[in-house]
Structure formats: structure tokens, C-alpha cells
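Q: I'd like to ask some things about the structure below.
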Amino acid sequence: RARQGRPGSYDAVDEAVRGDVTGRSNTAGELRSALRSRGLNIAYQPIINLRTGRIVAMEALARWTTPSGAAVSPDVFIPMAEESGLIGELGAQILTMAVRDAATWQSIAPTGVRVNVSAHELRTRSFYSDTMRTIDKVGLDPALLGLEVTESVLLEESSEAAETLGRLRLAGISLMLDDFGTGDSSLSHLQRYPVIDMLKIDRSFLEQEAGGEEIIRAIIGLGRAFDLKVCAEGVENATQHSRMVELGCDFAQGYYFARPTTREMVPKMLQAWAPFLPVSTQV
Ligand code: C2E
Ligand code: MG
Ligand code: MG
Ligand code: MG
């Protein structure tokens with residue numbers, strides 16, 4: 001039963017989990033107490049296999065609501081956590097929750113989980129062992145875990161991050177390059193890091209009226225050349241969906257399929273999901 005191309009029916013819930021920037025600025029101290037009280041949460045957004053229209057994985061997106069009820073955007077509190085030395089603790093808490101949640105989804109449908117990792121975390125010596133211990137604890141198959149890192153990680157001079165990525169990959173964890181095309185990308189980095197599995201095309205290229213598609217085409221070509229899967233971020237309408245399918249993009253994510261939703265909604269979403277295919281390809 002193919003579903004007519006239409007926005008996901010989960011939009012209403014997103015109001016509660018969307019990272020809205022608040023008027024006043026929040027402090028690192030508030031973030032520290034939120035971490036201490038396990039006050040952070042996760043919103044999950046599905047990643048769709050464009051060939052089958054099925055969900056392959058859920059991306060874990062950190063959410064912080066202050067005691068006063070204000071939602072702070074991750075674009076604000078992630079850099080804050082990085083600058084104040086809290087990113088290690090934040091990342092560990094998100095990873096722990098995400099793999100635990102993922103373990104509970106497996107009885108419904110085999111579904112991966114994607115966790116964003118900042119460069120700071122990869123520089124930590126214990127990142128590999130901490131990650132393995134966390135997934136071992138819940139018995140999650142490492143193949144179901146994907147870590148999203150940005151291109152900046154590939155620019156690291158230290159071999160530490162490179163070594164960690166290699167070990168994670170050997171353990172069966174997949175690695176995605178997030179926001180691809182916006183950083184200081186260099187093709188030589190892709191060559192130097194044969195451990196990357198997937199490129200996620202930054203959503204700014206889908207938003208662009210002109211020129212964006214040339215870049216998207218180039219990234220998909222790059223993926224083919226380097227044997228990497230390609231995922232489009234920020235698919236917001238039927239036109240973009242069809243276009244990504246036509247261009248041969250492997251996966252996609254965006255408000256058109258579903259907005260980030262609460263962890264409570266995920267089992268329902270997995271259960272109810274009908275293959276999401278472009279209208280033109282439906283019979
Ligand atoms: P990201 O990893 O590139 O995640 C995708 C972002 O795009 C999310 O923003 C998501 O809500 C948003 N998005 C998804 N589909 C659409 C769409 O169709 N249109 C538009 N306009 N936006 C869409 P969010 O949740 O605000 O997160 C922002 C960034 O914060 C993430 O970008 C990621 O870099 C970072 N982040 C979030 N959670 C974590 C975390 O646990 N750890 C780390 N290190 N970074 C995180
Ligand atoms: Mg990401
Ligand atoms: Mg991204
Ligand atoms: Mg981003």
C-alpha cells in the first residue's frame with residue numbers, strides 16, 4: 001500500500017519537541033544542571049530509503065526544555081556544550097538513551113539509530129570504548145548504530161580521531177558525513193578516510209533555487225565514485241522528493257516525510273508507516 005505523497009501526519013507533536021530559540025539567553029550553568037538531572041530529551045526523525053519508501057533509521061536530535069518551559073535550539077546549546085566542556089556528558093547521555101530506544105524498536109521493525117557526534121567527542125581517548133560499552137549494555141547490534149560527524153572531523157591534524165573512526169567502523173558501526181558540502185570539503189579527505197559510509201547533503205542545497213541541484217548532482221556522483229551512500233537532508237515537498245529519486249539519491253530525510261517527533265511516537269510511526277514513494281512512481 002503506497003501512500004500518496006503528502007506530509008507525515010506527525011506534525012502536531014513537533015510543536016512540543018521543536019528546538020525553538022528563546023528570547024533570553026541560557027547559560028552553561030543551566031545546561032549543566034539539566035544534564036545533572038537528566039533533563040535532556042530526544043526527538044527522532046526518520047530516514048527514508050528512497051527506493052523502497054521505508055524507514056531505515058531514526059536520527060536522534062537532542063532537545064532541551066528549560067525548567068521555565070522554554071525550548072532551546074540545539075544550534076544554540078550544542079556549541080554551548082562544546083565551549084563549556086559539557087559535550088562529552090551530553091553526547092554520552094544522548095547515546096545511552098538513543099541505543100536503549102533503538103533496542104526497543106527492533107520487535108516492531110529492524111530500525112537503525114543515528115546519533116550526532118561532535119569533533120570534540122571524537123578527540124576523547126575513551127570515545128570508542130565508551131560507545132562500545134553503551135551498546136553492549138543494551139545488546140544492540142552495532143550495525144544498527146550510525147554516527148553522524150561533520151567534515152571538520154576529517155580536517156583534524158591529530159590521528160586520534162581518524163583512529164577512533166577506524167575502530168568504530170571495524171566494530172560494525174556506520175559513519176555518516178553530516179552537512180556535506182558546507183564545510184571545507186576536500187576530495188582528498190574522502191580518500192584519506194575510507195571508513196565513511198554515507199554523505200548527507202546539507203539541506204541548504206535543497207533550499208537553493210539556482211545552483212543547488214548542480215551541487216546535489218555532484219555529491220551523488222561523488223558518492224558513486226567513492227562507493228558511498230548519499231542521503232538528502234531537508235526534503236520539504238513532493239517536488240524535492242521526486243527530484244531526489246530521479247537523481248539517484250539513496251536516502252532522504254525531511255519535514256515532507258515526517259518532522260522530528262517524540263520518542264513515545266516512534267513505535268506508532270514504525271507500525272503505521274506505509275511505503276512513501278513519489279506520486280509519479282505509484283501504480
Ligand atoms: P543535523 O544533524 O544536520 O540535523 C538535521 C536538522 O535539520 C535538525 O535540526 C532537524 O530538525 C532539521 N530538519 C530536518 N528536516 C528538515 C526539513 O525538512 N526542513 C528544515 N528546515 N529542517 C529540517 P535540529 O534538531 O534543530 O538540530 C540542529 C543540529 O544540532 C543538528 O543538525 C546537529 O548538528 C546538532 N545536534 C542535534 N542533536 C545533537 C546531539 O545529540 N549531539 C550533537 N553533537 N549535535 C547535535
Ligand atoms: Mg545529523
Ligand atoms: Mg545535517
Ligand atoms: Mg546540521
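The values are calculated or read from the model by the stated rules, or taken from the named source; none is laboratory data. Since we're looking at a predicted model, the values are computed, not measured. Using ideal geometry, Cβ is built from the backbone for each residue, glycine included, and neighbour counts are taken over all protein chains shown.
Q: Identify the residue in the range 181-214 that is within 16 Å of ligand 4 (Cβ to nearest atom) and hydrophobic (A, V, I, L, M, F, W, C) and, among all such residues, is surrounded by the most Cβ atoms within 10 Å (Cβ to Cβ).
A: Looking at the filtered set, the residue picked out is I201.
Q: Give the range 192-246 a look and list any residue that's acidic (D, E), more than 13 Å from ligand 3 (Cβ to nearest atom) and within 23 Å of A162 (Cβ to Cβ), or say none. Spell out how you get there, then give the answer.
A: Step one: list which residues in the range 192-246 are acidic (D, E), which gives 197, 202, 207, 209, 213-214, 227, 233, 236, 246.
Checking the rest, the ones that are also more than 13 Å from ligand 3 (Cβ to nearest atom) come to 197, 209, 213-214, 227, 236, 246.
D197, D227 - these are the residues of the range 192-246 that are acidic (D, E), more than 13 Å from ligand 3 (Cβ to nearest atom) and within 23 Å of A162 (Cβ to Cβ).
Q: Just a yes or no: is a residue in the range 170-185 acidic (D, E) and modelled with pLDDT under 90? Give the derivation first.
A: We begin by selecting, within the range 170-185, every residue acidic (D, E); these are 178-179, 184.
Applying the additional criterion that residues be modelled with pLDDT under 90 yields 184.
Yes, the range 170-185 contains a residue that is acidic (D, E) and modelled with pLDDT under 90.
Q: Within the bounds of the range 181-196, is there any residue that is within 16 Å of ligand 2 (Cβ to nearest atom) and of a type in the set (A, V, I, L, M)?
A: So far as the range 181-196 goes, yes, one or more of its residues are within 16 Å of ligand 2 (Cβ to nearest atom) and of a type in the set (A, V, I, L, M).
Q: Being within 16 Å of ligand 3 (Cβ to nearest atom) and at pLDDT 95 or above is the requirement here; does V115 meet it? Show your work before the answer.
A: Numbers: within 16 Å of ligand 3 (Cβ to nearest atom): yes; at pLDDT 95 or above: yes.
So V115 fits the description; yes.
Q: Of everything in the range 59-84 that's hydroxyl-bearing (S, T, Y) and in contact (Cβ under 8 Å) with a residue 12 or more places away in the chain, which residue is farthest from L145 (Cα to Cα)?
A: Pass one, the range 59-84, residues hydroxyl-bearing (S, T, Y): 65-66, 68, 73, 84.
After this cut, where a residue has to be in contact (Cβ under 8 Å) with a residue 12 or more places away in the chain as well, the list is 65-66, 73, 84.
On the way: T65: 26, T66: 29, S73: 24, S84: 27 Å.
Top of the filtered list is T66.
Q: If a residue has to be under 17 Å from D202 (Cα atoms) and of a type in the set (K, R) to count, how many in the range 236-280 make the cut?
A: 2
Q: Here's something else I'd like to know. If you scan the range 32-47, which residues turn out to be at pLDDT 95 or above and closer than 17 Å to E264 by Cα?
A: Scanning the range 32-47 gives L40, N41, I42, A43, Y44, Q45, P46.
Q: Further question: Any residue at all in the range 121-135 that is without any contact (Cβ under 8 Å) to a residue 40 or more places away in the chain and within 16 Å of ligand 4 (Cβ to nearest atom)? Let's see the steps before the verdict.
A: Filtering the range 121-135 down to residues without any contact (Cβ under 8 Å) to a residue 40 or more places away in the chain leaves 121, 123-127, 129-130, 132-133, 135.
Next cut, within 16 Å of ligand 4 (Cβ to nearest atom) only: 121.
The answer is yes; a qualifying residue exists.
Q: Identify all residues within the range 186-218 that are in contact with a Leu (Cβ under 7 Å, 6 or more places away or on another chain), over 23 Å from A171 (Cβ atoms) and modelled with pLDDT under 95; write none if there are none.
A: G212
Q: Related question: Which one of these does A210 not meet: (1) in a loop (DSSP other than H, G, I, E, B); (2) under 20 Å from the mean Cα position of the chain (by Cα); (3) more than 15 Å from ligand 1 (Cβ to nearest atom); (4) small (G, A, S)?
A: (2)
Q: I need every pair where a residue in the range 211-234 that is among the charged types (D, E, K, R) has its Cβ under 7 Å from the Cβ of a residue that is away from ligand 1 (no atom under 15 Å from the Cβ), sequence separation at least 6 or different chains.
A: Here the result reads R217/L247; K229/D197; K229/G223; K229/D250, each pair linking the range 211-234 to a residue that is away from ligand 1 (no atom under 15 Å from the Cβ).
Q: Can you tell me which residue in the range 67-95 is nearest to ligand 2 (Cβ to nearest atom), limited to those that are surrounded by fewer than 17 Cβ atoms within 10 Å (Cβ to Cβ) and among the polar types (S, T, N, Q)?
A: This residue is S73.
Q: Let me ask you something else. Go through G39, G53 for me and flag whichever is over 17 Å from the mean Cα position of the chain (by Cα), small (G, A, S) and within 22 Å of A232 (Cβ to Cβ).
A: Details: G39 fails: within 22 Å of A232 (Cβ to Cβ).
It is G53.
Q: Could you run through the range 29-71 and say how many residues are of a type in the set (K, R) and not in a loop (DSSP other than H, G, I, E, B)? Quick ask: steps written out before the conclusion?
A: Step one: filter the range 29-71 for residues of a type in the set (K, R), giving 32, 36, 38, 51, 54, 63.
Of the ones still in play, those that are also not in a loop (DSSP other than H, G, I, E, B) are 32, 36, 63.
Residues meeting the conditions: 3.
Q: Same structure again: Of all residues in the range 223-248, count the ones that are hydrophobic (A, V, I, L, M, F, W, C) and either surrounded by fewer than 14 Cβ atoms within 10 Å (Cβ to Cβ) or modelled with pLDDT under 95 (or both). Working first, answer last.
A: Going residue by residue through the range 223-248, those that are hydrophobic (A, V, I, L, M, F, W, C) are 225-226, 228, 230-232, 235, 238, 244-245, 247.
Retained after the next criterion (residues that are either surrounded by fewer than 14 Cβ atoms within 10 Å (Cβ to Cβ) or modelled with pLDDT under 95 (or both)): 225-226.
Count: 2.
Q: Is the range 240-248 home to any residue that is in contact with a Leu (Cβ under 7 Å, 6 or more places away or on another chain), within 13 Å of ligand 1 (Cβ to nearest atom) and not in a loop (DSSP other than H, G, I, E, B)? Walk me through how you get there before you give the answer.
A: Of the range 240-248, the ones in contact with a Leu (Cβ under 7 Å, 6 or more places away or on another chain) are 240, 244-245.
Narrowing the set further to residues that are within 13 Å of ligand 1 (Cβ to nearest atom) leaves 240, 244.
Then keep just the ones that are not in a loop (DSSP other than H, G, I, E, B); that gives 240, 244.
Yes, because at least one residue in the range 240-248 is in contact with a Leu (Cβ under 7 Å, 6 or more places away or on another chain), within 13 Å of ligand 1 (Cβ to nearest atom) and not in a loop (DSSP other than H, G, I, E, B).
Q: Does A98 meet the test of being within 16 Å of N41 (Cβ to Cβ) and within 15 Å of the chain's Cα centre (by Cα)? Steps first, answer last, please.
A: Working: within 16 Å of N41 (Cβ to Cβ): yes; within 15 Å of the chain's Cα centre (by Cα): yes.
Criteria met by A98.
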